[in-house]
Each structure stands twice: as C-alpha cells, then as structure tokens.
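*Asks:* First, the structure itself, so that you have it in front of you.
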Amino acid sequence: MSFEDATSKTLTFREERDWAQFHNPKDLAISISLEAAELLESFQWSGIDLTVEDKQAHMAEELADITIYCIYLADAIGIDLADAVNSKIDENAKKYPVDQSWGSSKKYTELES
C-alpha cells in the first residue's frame with residue numbers, strides 16, 4: 001500500500017465515524033507526543049539492550065498510531081504531509097552533503113563549510 005493510499009484510508013476511517021470534530025491541532029499534537037512516549041516504552045529499563053526483535057510488533061503498532069495522528073494533524077492544519085516530508089528531505093540534503101556527512105553523527109553546524 002502506498003503512503004497516499006494509507007492516508008486516504010486513514011481519513012476515510014475518521015470520516016465514517018464523524019471523529020474529525022474531536023481532532024483539533026492541540027489535541028492531535030498531544031496525541032502524537034503520547035504515542036511517541038509509548039514507543040519509548042519499548043526501550044524503558046532495557047539497559048544496553050538495543051535490539052528490537054522481541055518488540056517489533058509493539059513498535060509497529062505505536063509507529064502506526066503516531067503516523068495516523070500525524071496524518072490527522074496534517075489534514076487539520078492543511079499540510080500535504082508527503083510534500084512536507086519531501087521538502088524537509090531536500091532541506092536536509094543541503095545541510096548534510098553526502099561528502100561531509102557520510103558515516104558522521106555531527107550536526108550540520110559542525111560539518112565543514
């Protein structure tokens with residue numbers, strides 16, 4: 001399924017239930033943050049365990065919840081999410097040229113000019 005198809009299905013699901021009336025930008029932003037915190041629970045108290053094999057199903061559900069709320073928020077504030085992602089990647093490509101950022105975790109302000 002394409003992102004476009006998933007977005008359409010998500011918005012249709014909401015419309016069929018008349019839930020848009022509850023989806024104001026503030027509450028959607030809060031919901032995104034709450035779902036992101038639930039994703040973090042996958043790593044809570046894990047010590048040095050950074051693997052995800054046993055947690056993948058839970059993480060997929062939380063990522064889906066986050067994405068659904070992002071789609072709802074983008075719709076509520078009139079943003080084409082695919083365009084926004086594309087623009088951000090283009091912006092990041094300028095900040096992080098491959099020849100300077102390959103294999104580096106440095107912030108763009110720390111890269112050579």
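What follows is calculated from the coordinates using simple rules that are stated; it is not laboratory data. All values reported here derive from a predicted model rather than from experimental measurement. Quick reminder, even Gly has a Cβ in these numbers, built from the backbone with ideal geometry, and neighbours come from all protein chains shown.
*Asks:* What list do you get for 33, 105 if you sort them by fewest beta carbons within 10 Å? Spell out each step's value before the answer.
*Replies:* Numbers: 33 12, 105 6.
Going from least to most buried by this count: 105, 33.
*Asks:* As a footprinting exposure proxy, order 51, 67 by other Cβ within 10 Å, with the fewest listed first.
*Replies:* Details: 51 9, 67 17.
Fewest-to-most ranking of 51, 67: 51, 67.
*Asks:* Only one of the listed values, (1) 13, 28, 22, 16, 12, 7, 2, 0; (2) 12, 29, 32, 23, 4, 0; (3) 13, 32, 29, 18, 7, 2, was derived from the coordinates as P(r) over Cα pairs in 10 Å bins from 0, in percent; which label is it?
*Replies:* (2)
*Asks:* Count the lysine pairs in the chain whose Cα atoms sit under 15 Å apart, keeping only pairs 8 or more residues apart in sequence or on different chains. Before the final figure, lay out each step's value.
*Replies:* Details: 94/106; 94/107; 95/106; 95/107.
Lysine pairs, 8 or more places apart or on different chains, close enough: 4.
*Asks:* How long is the gain from residue 50 to residue 83 if the chain were fully straight, where each residue apart is worth 0.36 nm and the alpha carbon distance is subtracted? Each step should come with its number before you reach the end.
*Replies:* Values: separation 33, 0.36 × 33 = 11.88 nm, distance 3.22 nm.
Full extension of this stretch gives 8.7 nm more.
*Asks:* A further question follows. If you line up the long axis of helix 3-17 against the longest principal axis of the chain, both from Cα atoms, how many degrees apart are they, to the nearest 10?
*Replies:* Computed tilt is about 30 degrees.
*Asks:* Give the residue from 3, 84, 40 lying farthest towards the positive end of the charge dipole for the chain; charges sit on Cβ (+1 for Lys and Arg, -1 for Asp and Glu) and the dipole is referred to the Cα centre.
*Replies:* 84
*Asks:* Right, something else. Please get the size of the charge dipole for the chain, origin at its Cα centre, with Cβ charges of +1 on Lys and Arg and -1 on Asp and Glu, quoted in debye to the nearest 20. Please list the in-between numbers first.
*Replies:* On the way: 10 positive and 23 negative charges, 77 e Å.
Computed charge dipole of the chain: roughly 360 debye.
*Asks:* Specify the angular offset, from 0 to 90 degrees and rounded to the nearest 10, of the alpha carbon long axis of helix 81-95 from the longest principal axis of the alpha carbons in the chain.
*Replies:* 10 degrees
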